[in-house]
Structure formats: structure tokens, C-alpha cells
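Notes to accompany the following structure.
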Amino acid sequence: GFSETMLNSGSTLLTDVQVAIENFPELLRMASEIDLNYKDVVNSYKTEFPVIFKVEAKTLETAYLEWKNIGNSSNKLEKAQQIFSSIKAMQFNFPMLKEQSVKIEDAYTKLVDFYKKTFPTVYEAEVVTLPIDAYRATDNSTKKLEEGMVLLDKADRLGQFYKVHLDQKALITDQMVRFTENYKKQFPVVYKFENERLTALKTTYELVGHSESKIEKANLLLSEAESVNSHKAELVSQAAEIALKFADFESKFKKNKPNAVLYKKAKMMYNTRFKEFADEGSAKAKVEKGRKLLGAMAVVLNKYTTDNTMLCKTLKEVKTANEVEALLGIR
């Protein structure tokens, strides 16, 4: 029995020795690789990324010290492979992390400069809420790289949005200045009505904090302001044309006995429609009313050369502008 036990332990010992001999070259290679790279990677992180150094590099350091004390060659080799892959991962991540963190800090500083004063609502909603503190506090190099990619993507988009916000802000200022110049003195009723509407849209736009929504609100405000401004030229020409047509109407019909009824009823219609035109605050609706009034006046002026005896008899009975228009075929 004793000799058998001796034989067994002898063969186990022999196996261990064989394994140790087989493992030796690889262990030697791994040991020199680890010794070559370990201090370098730990020092790199200690200098550049102290947060990662405190956790990830400390974990590596603990594993390194444990590895130094392992006696069994197979276990030692296995641990060496783990340490070596950790070192390689940290080495691989280091230059990318360095480049990325510089980009992120630079982008963040720019975004604060861009938004804080010029677009404070966007600053509060989208710059302050960027997870930069979480990124700075991340203690794992791989996780930090992943978080950094997401953060950079958001920062890039905010940088691109800033250019759009600036362009829109300039366009809005331009349209609002034009609006005031177009309407304040010449069409105060339109100015009062449209100014309330455009100012409400402008306030909504200014209060929005999220870039995509802000861009939408700016586009809405711009299209409304452009639309209002686009009616100015026609309103000016309408006002002049209405005055001319009215003077023509007065000179042709005022002292024209056979057309006395037509004059009276057409003037009542004109006064009603002109008041509606004058009181209209919406630029778009005012243009429509101006077109309708000019059309009606053209129909009346055409009656100057025709016999209106029958028409005047019928017109005697009517009381409203709508009835006059119906009889004259005005739509």
C-alpha cells in the first residue's frame, strides 16, 4: 500500500513537473510582457484619468500582486492571461479616451459659450442636462468610451442646431423689423392685430428649450411673418385704387338724376364694405376684402353707360349691402 501511494504521488509530481516545464516558456513570455506594460499603463491612467486609476487600475494592481504570489504554474499562467488582456484593453482604450475626453471638454465649453446667453432656454433644457458629470465620474475605460460616444453625438447635434438657431433668430429679427416698418404707421389696425398674433408666436418660440421643437416654432413664426409682410404691396395699391375708383364714382353718379337711386344704394354698399375693409386687422383677410370691394366698384362704374331705369326701380326696395350686391350680380 505504501509503495502504491508513493508511486501515485510520484506520478502526480512528475505530471506537475511536466506541466511546469511546458508552461515555463509561455509564463516567461507573459511575465516579461506584463512587466514591460504594467507600469506604463498604470502611470498613464494615474496622470490622465485619476478616476479610472482609482478603480480600474487599482483592480489591476491587486490582480498583479496576487499573480506574483501564485505558485502553481497553470494557475499562474491563467491569471497572467487575465492580467495581460486587462492591460491590453486599457492600453487600447487609452489614446482613444485621451482624444475623446479632449473633444468632449472642448465641445462642452463651446456649447456653454454658444447657448448660455444667446439661447438660455436651450441651455437649461439641453446643455445643462448633458451627462458630462456622469462621464467624468465613470471609472471604467471601456464604459467611459461608450458613454463618451453618446455624449459627443449629442454635443455635435447641439453644435449643428446652434447654427440653425442663429440663422433663424436673425431672420425673425429681420421679418419683425420689416413688419413694423410695413404696417405701424400706414396700417395701424393691421399692425395692432398682427402684432399681437406674431408676438404670441414669438414668445412661444423664445420659451421653448428643446432644439427640434424650437426650430419648428421658429419656422412657424417665420412663415406667418413672411405671409403678413407679403401683403403690404397689394394693400398699398388697393388703398390708392379704391380712392381713385371712389372719386370716379362720385364724379359720374353724384349729380346724375336718372341714376340717383343707383348712386344712393351703391354708396350705402360702398360705405358698408369700405368700413369692413378699414376695420379688418388680418392682413390676409384685408387683402381679400379689398379685392372684393374693387370688384364691386368696377361693376357699379360699368353701369354708367347703360340704361338703369328697371334696375333703379328694383333697388328702391332694398335695404342691405348684400341685397345691392345680389341685384348687381356682385359675388
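Can you find even one residue in the range 45-52 that is of a type in the set (D, E, K, R), more than 20 Å from Lys144 (Cβ to Cβ) and in contact (Cβ under 8 Å) with a residue 12 or more places away in the chain? So far as the range 45-52 goes, no, none of its residues is of a type in the set (D, E, K, R), more than 20 Å from Lys144 (Cβ to Cβ) and in contact (Cβ under 8 Å) with a residue 12 or more places away in the chain.
Does Thr180 qualify as being among the hydroxyl-bearing types (Ser, Thr, Tyr) and touching a Phe, Trp or Tyr at 6+ places or on another chain (Cβ under 8 Å)? Steps first, please.
Numbers: among the hydroxyl-bearing types (Ser, Thr, Tyr): yes; touching a Phe, Trp or Tyr at 6+ places or on another chain (Cβ under 8 Å): yes.
Answer is yes for this residue.
Filtering the range 308-331 down to residues that are acidic (Asp, Glu) and without any contact (Cβ under 8 Å) to a residue 40 or more places away in the chain, which residue is farthest from Lys275 (Cα to Cα)? Checked the range 308-331; the qualifying residue farthest from Lys275 (Cα to Cα) is Glu317.
Out of Gly148, Gly159, report the one residue that is within 21 Å of the chain's Cα centre (by Cα), modelled with pLDDT of 95 or more and not polar (S, T, N, Q).
Details: Gly148 fails: within 21 Å of the chain's Cα centre (by Cα).
Answer to the selection: Gly159.
For Glu206, the conditions (1) within 21 Å of the chain's Cα centre (by Cα); (2) acidic (Asp, Glu); (3) loosely packed, with under 14 Cβ neighbours inside 10 Å are fulfilled apart from (3).
Among the residues of the range 142-156, are any within 17 Å of Pro120 (Cα to Cα) and in contact with a Leu (Cβ under 8 Å, 6 or more places away or on another chain)?
So far as the range 142-156 goes, yes, one or more of its residues are within 17 Å of Pro120 (Cα to Cα) and in contact with a Leu (Cβ under 8 Å, 6 or more places away or on another chain).
Using the structure shown, decide if Ala233 is under 17 Å from Glu288 (Cβ atoms), surrounded by fewer than 13 Cβ atoms within 10 Å (Cβ to Cβ), modelled with pLDDT of 95 or more and among the hydrophobic types (A, V, I, L, M, F, W, C). Yes, satisfied. Which residues, counting only those in the range 153-202, are closer than 19 Å to Val287 by Cβ, among the charged types (D, E, K, R), in contact with a helix residue (DSSP H, G or I) (Cβ under 8 Å, 6 or more places away or on another chain) and in a helix (DSSP H, G or I)? Listed by number, the residues that qualify are Arg178, Glu194, Arg197.
The values are calculated or read from the model by the stated rules, or taken from the named source; none is laboratory data. Only a predicted model underlies this, so the values are computations on that prediction, with no experimental measurement involved. For neighbour counting, all protein chains shown are included, and Cβ atoms are generated from backbone atoms with ideal geometry for every residue, glycine included.
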